[in-house]
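Peer 1: Got a structure for you, written out below as structure tokens; questions coming shortly.
Derivation of every value follows stated rules applied to the coordinates shown; laboratory data play no part. Predicted, not measured: the structure shown is a model, and the values here were computed from it. Methodologically, a virtual Cβ is constructed for each residue, glycine included, from the backbone with ideal geometry; neighbour enumeration extends over all protein chains shown.
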């Protein structure tokens, strides 16, 4: 029961985070700035502070995170 | 720090953009000349006036004698008055460094991650300019110009739909920014 509640809470949190259009645009812009194909970020999950896993419309997935003051985009 | 530099460069663009006014001051002379041309008509006017005074001949003589001198002084004042009027529309609004820096920081047109990513790329480009000014070749200015144009294009593409005014000001400052980056003295001055 508790596990189900926690899972539901986490899922709801992730769903809420993935619904922020500004964050999606920000991630799409960052990916584009790095010259990587994406087009549009359709969803994303927050993996940590300044650490995202973005899923693009063309099915590409990228981990976008900040390391040593630099934004890094890694294809997954 | 490098972002500050670029912002400073953008701001400097405003200072550098000030020079255009002198250029715009060149056009005024033509306006003055044009103003001088219309002046002649008033002269014929007095000639036309005499016909009216036909009723009172004596008065016109005295008036005619005074009219020429009066007409001459009238023309000069008109010319100077028109010059400033012509200069006003031509003068571009000066770009203030502080306000431009604030606008870039505060604009909601660019997300936080995007701003940081742009800063990274600006830092990289400024680093290449440092290498250039240190005397190393590659990179030459010919190599750096496309990179500069591409980065500026990225910034403009991010701004143009959501912050048109800022995009326009940056675009207007393009040559001035390049001038700062490419000129050794200006680069050292603004990167320190």
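Peer 1: Fewest first, what order do B:124, A:58 take by the number of other Cβ atoms within 10 Å?
Peer 2: A:58, B:124
Peer 1: A further question on this structure: Give me B:158, A:53 ranked fewest to most by other Cβ atoms within 10 Å of their Cβ, as a rough exposure proxy.
Peer 2: A:53, B:158
Peer 1: Here's a follow-up. So how much slack lies between residue B:124 and residue B:162, counting 0.36 nm per residue of separation and subtracting their Cα-Cα distance, in nm?
Peer 2: Residue separation times 0.36 nm, minus the Cα-Cα distance, leaves 11.1 nm.
Peer 1: Another question about this same structure. Per residue of B:119-128, count partner chain C-beta atoms within 10 Å of its C-beta, then hand back the mean as an integer.
Peer 2: 2
Peer 1: Work out the mean other chain Cβ neighbour count within 10 Å for the residues of A:25-34 and drop it here as an integer.
Peer 2: 6
Peer 1: At a Förster radius of 25 Å, what calculated FRET efficiency corresponds to the Cβ-Cβ distance of residue A:40 and residue B:141, to the nearest 0.05? All intermediate terms of the calculation are to be shown ahead of the outcome.
Peer 2: Details: r = 37 Å, r/R0 = 1.47.
Computed FRET efficiency for residue A:40 and residue B:141 comes out at 0.10.
Peer 1: Determine the shielding of peptide B:103-112 by partner chains: average, over its residues, the number of Cβ atoms on other chains within 10 angstrom of each Cβ.
Peer 2: Per residue, the number of nearby Cβ atoms from other chains is 2 on average.
Peer 1: For a quick check: sort B:191, B:173, B:117 by the number of other beta carbons within 10 angstrom, fewest at the front.
Peer 2: Working: B:191 19, B:173 23, B:117 26.
Lowest to highest Cβ neighbour count: B:191, B:173, B:117.
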